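A.B. asks: Take this structure first; my questions come after.
The values are calculated or read from the model by the stated rules, or taken from the named source; none is laboratory data. Being a predicted model, the structure only gives us computed values, none of them experimental. Here the Cβ positions follow ideal geometry from the backbone for every residue, glycine too, while neighbour counts run over all protein chains shown. Side chains are part of the model used for accessible areas, which takes the heavy atoms of the whole protein and leaves out ligands, DNA and RNA. Shrake-Rupley method; radii C 1.70, N 1.55, O 1.52, S 1.80 Å.
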Amino acid sequence: MVKELIESGLEILTLITSFLVGLLILLFILKFVFGKKTKIYDSLVHFLQDNYLFLGFVVSLTATLGSLFYSEIIGYSPCVLCWYQRIFMYPQVFLFAIAMKIKNKSIIFNSLVLSVIGFLIASYHYLLQIEFLNNELLNCGIVGFTANCSEYFSLAYGYITIPFMALAAFLFLIILNYGKLMASQERAI
């Protein structure tokens, strides 16, 4: 019962994150491509910038605990690509925690690099899983000592899988970091 509740909660958080990322991208396109400035965009951007460290910490911690929940509590064996994604997500918890403690926002570039690499791996993993990429030579299941990367352990709402959860978290962190980086550069000018 508790496991199902946690799993549903992680899926709903991913759904909310997907919606928020989509909204941010839409508002970004409206503002910078079509020149339409909206109050929603400004309010949302200011909220994200003002709460940058806290939100980054919460997202990276939730992704880290979520991956540990799936592997250590539910018992899903992580594949090679899952391990690589963990390599780029787990340190961010500590980066954001330390930055919050010392009130230093200079981790933007570090988190952005980790998030971009993690996003690329998660995207590749998700594309393998949904069979958009179907190349047996590139599939991590061929190594023989790990779970197959294209195997579904969980599917919610027709598209949310474990790699998609990582993809959404990395993409949110990219947007968060990029927004904070642009804001800090605007203030420097």
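A.B. asks: Among the listed residues LEU10, LEU27, LEU44, LEU23, identify the single one that is exposed (fewer than 15 other Cβ atoms within 10 Å of the Cβ), touching a residue at least 12 places away in the same chain (Cβ under 8 Å) and part of a helix (DSSP H, G or I).
C.D. replies: Only one candidate qualifies: LEU23.
A.B. asks: Let me ask something else. In the range 47-70, which residues are touching a Lys or Arg at 6+ places or on another chain (Cβ under 9 Å), of a type in the set (Ser, Thr, Tyr) and under 14 Å from ILE162 (Cα atoms)?
C.D. replies: Hits for the range 47-70 are THR64, SER67.
A.B. asks: Continuing with this model, one more query. Just to be sure I understand, how many residues within the range 30-41 are of a type in the set (Ser, Thr, Tyr) and in a helix (DSSP H, G or I)?
C.D. replies: Number satisfying all stated conditions: 1.
A.B. asks: On to the next question. Being open to solvent by less than 50 Å² (accessible area, probe 1.4 Å), at pLDDT below 95 and part of a helix (DSSP H, G or I) is the filter here; which residues of the range 64-84 pass it?
C.D. replies: Applying the first criterion (open to solvent by less than 50 Å² (accessible area, probe 1.4 Å)) to the range 64-84 yields 64, 66-67, 69-71, 74, 78-82.
Applying the additional criterion that residues be at pLDDT below 95 yields 66-67, 69-71, 74, 78-82.
Selection gives GLY66, SER67, PHE69, TYR70, SER71, ILE74, VAL80, LEU81, CYS82.
A.B. asks: Any idea which of LEU13, LEU55 is hydrophobic (A, V, I, L, M, F, W, C), closer than 26 Å to SER106 by Cα and at pLDDT 85 or above? Walk me through it before giving the result.
C.D. replies: Working: LEU13 fails: closer than 26 Å to SER106 by Cα.
Among LEU13, LEU55, only LEU55 is hydrophobic (A, V, I, L, M, F, W, C), closer than 26 Å to SER106 by Cα and at pLDDT 85 or above.
A.B. asks: Among the numbered criteria (1) within 20 Å of ILE117 (Cβ to Cβ); (2) without any contact (Cβ under 8 Å) to a residue 60 or more places away in the chain; (3) touching a Lys or Arg at 6+ places or on another chain (Cβ under 8 Å), which single criterion is violated by TYR84?
C.D. replies: (3)
A.B. asks: Have a look at ILE87, ILE162 and point out the one that is modelled with pLDDT under 90, of a type in the set (A, V, I, L, M) and under 19 Å from the mean Cα position of the chain (by Cα).
C.D. replies: Being modelled with pLDDT under 90, of a type in the set (A, V, I, L, M) and under 19 Å from the mean Cα position of the chain (by Cα) holds for just one of ILE87, ILE162, which is ILE162.
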